[in-house]
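In what follows, a structure is listed as structure tokens, so that the remarks can point back to it.
Values in this text are rule-based calculations from the coordinates and carry no lab data. Computed from a predicted structure; not experimentally measured. In this analysis, Cβ positions are derived from the backbone assuming ideal geometry, glycine residues included, and neighbour counts consider all displayed protein chains.
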Amino acid sequence: MKNTALDTKRGRFDPGRFNYILVPLAAGAAALFVGGLVLLALGANPIEAYIGMAQGAFGSPNAIADSLVKAVPLLLVGVGICIAYRGGMINIGGEGQIVMGALATTAVVLAFPFLPGLVLIPLALVAGLVGGGFWGGIAGFLKARFKVNEVLSTVMLNAIAVQFMTFLLNGALMDPSSVDNTIRIPQTLRFPPWADLPRLVPTRLHFGVLLAIFAAVVVYFLLWRTSVGYRIRAVGFNMVASKYAGIPVNRYQILAITLSGALAGMAGAVEVLGVSHRLFTDGSATGFTGSAGFNGIVAALFGGLHPLGVIPASFLFGALLTGANSLQRTVQVPGAFVTTLDGLVVIFVVASQIWAKRRATQRVLAETTPRPATPTAVTPDVTP
Amino acid sequence: MLEQLLAPAVIIGVLASGIQLATPYLYASIGEMFSQVSGVLNLGLEGVMLVAAFAAYYITWTTGNYYYALAIATLVGGLMGLLTAFISVTLKAEQGISGIGIYLFGLGLSDLLFLVMVGTPKAIDGVPRLEIPGLSDLPVLGPVLFSQNLLVYGAFACVPLAWFILNKTTLGLKIRAVGQTPEAADSLGISVSQVRYITVTLAGAMAGIAGASLSIALLNIFQQNLTSGLGFIAVALVYFGGWRPFRIMAGALLFSMVNALQLWIQTLGIGLPSDIAGMLPYVLTIVALIFAARQIVTQPTALTKPFERGE
Amino acid sequence: APVAAPPPATSAPAAQPTAAPAAEQFRVAVVMPSAANDLAFSQSMVDALNRLQSEMGKDKFDFVYSENMFVVGDAAAAIRDYATKGYNLVIAHGSQYGAPLQEIAPDFPDTAFAWGTAVDTFEDKGIKNVFAYTVASDQGGYVEGVMAAKLSKSKVLGALGPIPAGDGQLTIRGFEAGALATDPAIKVQTTYTNSFSDVALMSQAAQTQIASGADVLTGTSQSVVGAVSVIKDKNALWFGNQSDQSSLAPGNVVASQVYDWTFALKDMMSQINAGTRGGEVFIMTFANGGLVMQFNDGYALPADIKTLAEQTIAGLKDGSIKTGIE
Amino acid sequence: MPIETVELRNVSKRFPGVLANDQVNFDVHAGEIHALLGENGAGKSTLMKILYAMYRPTEGEIFINGKLAELRSPADALANGIGMIHQHFQLVPGFTVVENVALGLKSSRGPLTDLDVVTKRVQELATQYGLSVEPNALVWQLAVGQQQRVEIIKALYRDASLLILDEPTAVLTPQEVKEFFDILRRLRDAGNALIFISHKLYEVMAISDRVTVLRDGRVVGRVKTADTNQKELARMMVGRDVITRWDKPPAQQGPVVLKIEHLSAANDKGITAVRDFSLEVRAGEILGIAGVSGNGQRELAEAIAGMRRATAGTIWVDNQNVTNQSPAQVSASGVAFVPEERMTMGVVREFTVAENAILETHAYPPLANRGVFDFGQINDHCTRLVREYDVKTPSLDTPVKSLSGGNIQKLILARELDRAPRLLLAAQPTRGVDIGATEYIHKRLIEQRANGTAVLLISEDLEEVRALSDRIAVMYEGQIVGIVSPDSKMEDLGLMMAGIKGNDANPSTC
Ligand SMILES: Nc1ncnc2c1ncn2[C@@H]1O[C@H](COP(=O)(O)OP(=O)(O)OP(=O)(O)O)[C@@H](O)[C@H]1O
Ligand SMILES: Nc1ncnc2c1ncn2[C@@H]1O[C@H](COP(=O)(O)OP(=O)(O)OP(=O)(O)O)[C@@H](O)[C@H]1O
Ligand SMILES: [Mg+2]
Ligand SMILES: [Mg+2]
């Protein structure tokens, strides 16, 4: 019997597990191949198209910046999904939580525009966390108290959040100059420039990228190195045993989805402060969120539901989305192709997980359960 | 305000709209129910509905024959269901995510096909109304209940049929067993995959009909993202109904009628901001869930869990 | 925000490419929120560009577009990319694109940008290369309201929109004003579905309107295609907006208020060729030809009503009639 | 065609990293009960799952009535007359008995169910073999013993003439076991072949005709039951002598640690399961609670542990009122709990050995400082626990679900006892555990007693209760029928468990 040090299971993301990287890449390539056939049918040259796509994602500093900026909300939401998932909750409510986070941030910035940036930005980010966390917490509360399935309640809460945003942007929060003119654009004032997240390099790349990566590391630390994270995971795996062990199960379930919502809310905050500098609506959530609430789930899954795994996953996914959009410009294929391609990539990658997992479990089993020829620990003598 | 809403015209109007809006939900939700009861969450309904809605629209537009259109939509839906089954049952993929993939794929593909094959929205002549002799002449309720198109009747007919299949047939017994305790079913020689292939494909086919009911019976048009979230609500309704057909129907009707009611509130000029009125159906659904959730006794405990025989 | 300057009288002739003798191709890029074939807002821009292209020839005028850019972040990337690629004019065709445009435009001083529907060129922020364009859709709505009031037998009209904002809301307010000006006893019922895309809900909104007595309706956004089929089914009347919607229900669409952006586009082109890249707000009106009332030949509009409509248009043109919406 | 003989020849099964069966030969005939013995993880279930075609063997063949059989799935096995009753029942809890039986059968009405026909046949089988069960009851509402009957009926209904019974008695009470053995004998006498797996040697001695012993996946012995005894079987399994009888030093009784006064609690269905229950347990004694399952033992334990609301009454631990406190508070008062179902209540299966070892202590120094783990300390702590309690695990990072039941139980015991509790609640501590591990667990419980811990032992294994307890409280319908000495006669205890008052039965009370 060997009692190794407690080192391989602290949730460390093991990059040595090649399959978790190679298999999705191969699946992505297969999806692009099928997409290429569609391109051919549309009369476009797939090779040219994909070169354009790569350029759109990585071809210039701006392109790279766009890919990274696109990845930020995916990463934040995705990391939140990891927490919820580890706590046994499926959070479909990212869209609504992003919206509520952005609304809270917006409200703070508009209420205290006179504060200096160093105070205003942190305050606004915290507001985002609170807004999103509150919205996620509702689903948690409904589940803990009334056993309302969180998949269902979060779907409903998404719709409610969007209506609420539209309501505010058509009234209380609307840009005063827009209220006066006839066209009435449903958006707020542009925030004061000192509320903008600092730019990192002269591109759209903003400080939010660092925040998101930092959040991923913090969550990793939380989940695997603290007792709170341990409890969240225990509750997620086995509520009964957790309860026997004295863990207040309801509280940790609510906490898990609240934290998850808070991170989505932070994504909303980072989007308004770093990208749009104002809140606006087109009557749906997507116009503002870019479906990050859903795409973040996909990124989380590609990242193996591990906060550190979500970092590369969301950057790749962000690059894919950015590149696919530029595809429309380079070869003028209809915008619908982009959506189709996204769908294909998601399907192929998720369907390929079986191969990644299969190899990995075989390895883990082979490593950790060598059958002892004879039990080596001798039962001590017993005094009858 | 309340008197305004209690006027007979409003009540009948809400009922009529509710019945019509409920139609696509019913097809999609009942199909989804079979899938979920067997243990597979089929989140991609929306994408299936879109592709099938386009297929039905296109066939009707080119041939004018909506029986063909319906058959093709069912087929297209069934094929997409088969694909879903392959992904979630055979490849054991995470069901929520593959559902999102199917949705995006369907959303894009239907739009692409529409663009290439049709161009801009063009109205078509859809499935005509079918007056039920005698009943449709009833005062007040006649026009609401018995003067609808065939697909509306079909949707409501699905409900008792689904109940019957689930509760009175050997297939239904297998479906329920596979969703609750796949190991037990497996140990009795029932092929878990086979049953799940059947239900997931069925869910696809029904989503196909749901899509067709939109494009060739209710709206008689196709437009990018025609379903606009309807497929996701349909999935939610299955949970809402606690996997029981009649409760699902009640949920679909409730949701549709509250939606219709909020339109009436606005139309009548009752001073409720449209955005607030628009929240009503969702808020009400949550409230209803609070009460409904407590009563759920049998649920497919194996839902979203791919079956593996421990080997 | 600067109030829109009245559009200059310089119109069509000056925009001829003769102004740019180099015979270089003028290249336009458009970023728009919905599909190019939406029979509504986005399509109105694509139609205008197509018209320009067939007028001028592809060698003189070419355009590309990015559709479905409902995600503003994606739109921003597209705008920047087009600017980098040296298009003469980059159009941000959506009022939600203001914030990114304000950031991108200063980086590309040699590129002209246009933003609509909006009334802000950011000139007060020192940005010199952004045009803004908007549409006085209240005017079209007003004319439609006048006709609707005359055509309605029930004296109840219905107006449908996605959210109470933008040009849609303006149209509806104009519609109401026109109807009430024609017949003070008329009732206009308004419904917003809170979604640009929910066709099914829009169709139910139309049903509800008709069930509550409306017999003539209008509406905006791409989702109204759902309403029009209800109109056809119930044999009511419809006034289209943004694009010509006659094809949806040839027997029921009376007329459509069509946004014709060619006027603004031509003007922008000539200014760009002359070296000015922004600073002006264009408002499409009946007077400058940016708004056109497209009567549907398939619908037998009584001559007196058509005359009344034309008189109203003329009145709006010369300013003798005002919609009353400020 | 009924089964005459079934033979497994040179069957091996390799799992990743484990050779679970190694060239096993095994056979069974009509009219015999063949017992299969072995420690946890010896490969018994694997072998049987191969026979039932749930697993494909890595190598080897199966012969039925002398002919090579190609079994691809349980359906094939069933078609060949092989039925299997798993330790974890393969029943659909939300179905009625009849629905469970009808599942997967051809219906006489084609696509429609024919539950009435099935009901009739079920009743026939029930009378024929003495398997009384209510056909229309929902399975989750049935007691385990009844559920097991449903499993047997399922197999018989499908004309199984070879029945594989994998640890069928682990969850049964002595009374149920007795009835069950009657059923098995009837089945054997009717010409069926039976394979019986159990960790309890006296059961094997009582019911089987032949015994095969597996160790580390290999057959280490095969004997006629009549030619052997428990001691020999134990030695074959474990490779040494095993202690089943304990000579305890006399109890050094201390003050009252657990005091229960007029406690009442309801079960999951809302019916009162513990009623007006009073009991005292002193430091340094083991008080055993005996009783037929379903008489409120489970609810009693849960109420003490804070997992279930007490509807009336008071629970004192060390003169501290812990009634309706949270499990965490109860645990902080010095109560350790070894719950009845280790896999669902005792451990988080997916967690590692180390993570499970700190399930209760993880939040406190020295393991965590201000909520942040100190992995060095955790590692030392867990290493010590694993060593001290002889948990056989490849590493601390091994997921607990891949340990054997006995080792999981040792891990739980380690975790609970290491906190030096004042009161130890041990519910079914050796259920499904092999004799080696059972011996070890018993030793630890006695050690606790010597250390002055109050031990409340709840067990349906009367042998175990009698071997360990200083006093035995017999529980019936939520109340104590009587408290007797462990030397009381088996029959007397049995009567009391059936609700007949101690005085009437006249055992030696204490
Ligand atoms: N599905 C599986 N995958 C990998 N290893 C397995 C699997 N099933 C069993 N094993 C391993 O095979 C060996 C034999 O297990 P098996 O279940 O046959 O033991 P057993 O004799 O039935 O034990 P017990 O007395 O605990 O029931 C064990 O080491 C076990 O860990
Ligand atoms: N998938 C698996 N991977 C590794 N080990 C496994 C797996 N499944 C079961 N085992 C091991 O097999 C052994 C026996 O498992 P368990 O006690 O749950 O069932 P059993 O009693 O053998 O089977 P049955 O339910 O048929 O009686 C244990 O050691 C368990 O850890
Ligand atoms: Mg076993
Ligand atoms: Mg076992």
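Structure summary
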{"item": "DSSP beta bridges in the protein assembly as shown [antiparallel fraction, %, rounded to 5]", "result": "45 percent"}
{"item": "Table column - 3J(HN,Hα) (Hz), segment A:346-352, Karplus curve with 6.51, -1.76, 1.60, x for Gly and Pro", "result": "4, 4, 5, 5, 5, 5, 7"}
{"item": "Alpha carbon centroid spacing (whole Å) that separates segment A:94-147 from segment D:176-227", "result": "66 Å"}
{"item": "Rg/Rg_globular for segment A:71-308, with Rg_globular taken as 2.2 N^0.38 Å and Rg from C-alpha atoms", "result": "1.01"}
{"item": "Peptides A:99-109, B:91-101, A:177-187 ordered by average Cβ neighbours within 10 Å, highest first", "result": "A:99-109, B:91-101, A:177-187"}
{"item": "Peptide C:28-37, shielding by other chains (average Cβ, 10 Å cutoff)", "result": "4"}
{"item": "Efficiency of FRET from Cβ geometry, D:Ala420 and D:Thr58, R₀ 51 Å, rounded to 0.05", "result": "0.60"}
{"item": "Size of segment B:153-311 as Cα extents on the principal axes (Å, biggest first)", "result": "62, 37, 30"}
{"item": "Anchor D:Lys259: lysines whose Cα lies under 28 Å away (excluding residues fewer than 8 positions away in-chain)", "result": "A:Lys243, D:Lys248, D:Lys269, D:Lys410, D:Lys443, D:Lys489, D:Lys501"}
{"item": "Proximal lysines to D:Lys224, defined as alpha-carbon separation beneath 21 angstrom and excluding residues fewer than eight positions away on the same chain", "result": "D:Lys44, D:Lys200"}
{"item": "Part-to-part distance (alpha-carbon centres) for segment C:128-166 and segment A:183-237, which is given in Å", "result": "42 Å"}
{"item": "Diffusion constant of segment D:343-420 at 25 °C, which comes from Stokes-Einstein with the Kirkwood Cα-pair radius and 0.890 mPa s, µm²/s", "result": "199 µm²/s"}
{"item": "Relative counts (whole %) of C-alpha pair distances in segment C:125-272, using bins that are 5 Å wide", "result": "2, 11, 20, 22, 19, 10, 6, 5, 3, 2, 0"}
{"item": "Over 23 Å (Cα to Cα) - which of B:Lys122/C:Lys187; C:Lys150/C:Lys322; D:Lys120/D:Lys154; C:Lys155/C:Lys232; C:Lys150/C:Lys317 fall in this group", "result": "B:Lys122/C:Lys187"}
{"item": "Coarse-grained scattering of segment D:147-293 at q = 0.14, 0.15, 0.16, 0.19 Å⁻¹, given as base-10 log I(q)/I(0) from a Debye sum over alpha-carbon atoms", "result": "-0.92, -0.97, -1.02, -1.16"}
{"item": "Added length on full extension, which subtracts the Cα-Cα distance from 0.36 nm per residue, D:His262 to D:Arg9", "result": "85.1 nm"}
{"item": "Estimated Rh, chain D: Kirkwood, alpha-carbon pairs, angstrom", "result": "24.4 Å"}
{"item": "Among A:297-307, C:43-53, C:83-93, the order from most to least packed when residues are scored by Cβ within 10 Å on average", "result": "A:297-307, C:83-93, C:43-53"}
{"item": "Scattering curve values for segment C:65-134, log₁₀ I(q)/I(0), Debye with Cα scatterers, q = 0.12, 0.16, 0.20, 0.23 Å⁻¹", "result": "-0.24, -0.44, -0.71, -0.96"}
{"item": "Packing-based ranking, highest mean first, of A:274-281, D:196-203, A:255-262, C:155-162 given that Cβ atoms within 10 Å are counted", "result": "A:255-262, C:155-162, A:274-281, D:196-203"}
{"item": "Cα convex hull of the protein assembly as shown - mean projected area over all directions, nm²", "result": "58.3 nm²"}
{"item": "Value of D in µm² per second that Stokes-Einstein yields for segment D:5-238, Kirkwood Rh from Cα pairs, at 20 °C (1.002 mPa s)", "result": "118 µm²/s"}
{"item": "Neighbour net charge for B:Ala252 - beta-carbon separation under 14 angstrom, K R +1, D E -1", "result": "+1"}
{"item": "Exercise: per-residue mean of other protein chain Cβ atoms within 10 Å, B:276-288", "result": "6"}
{"item": "Fewest-first ranking of C:Ser320, C:Ser221, using other Cβ atoms within 10 Å as the exposure measure", "result": "C:Ser320, C:Ser221"}
{"item": "Paired Rg and Dmax values of chain C, which use every Cα atom, in angstrom", "result": "19.7, 61"}
{"item": "Shape call, segment B:207-300: gyration tensor on alpha carbons, a/c limit 1.5", "result": "oblate"}
{"item": "Neighbouring partner chain Cβ atoms per residue of D:92-100, average, 10 Å criterion", "result": "5"}
{"item": "Stokes-Einstein translational diffusion, chain B - Kirkwood Rh over all Cα pairs, 0.890 mPa s, 25 °C, in µm²/s", "result": "123 µm²/s"}
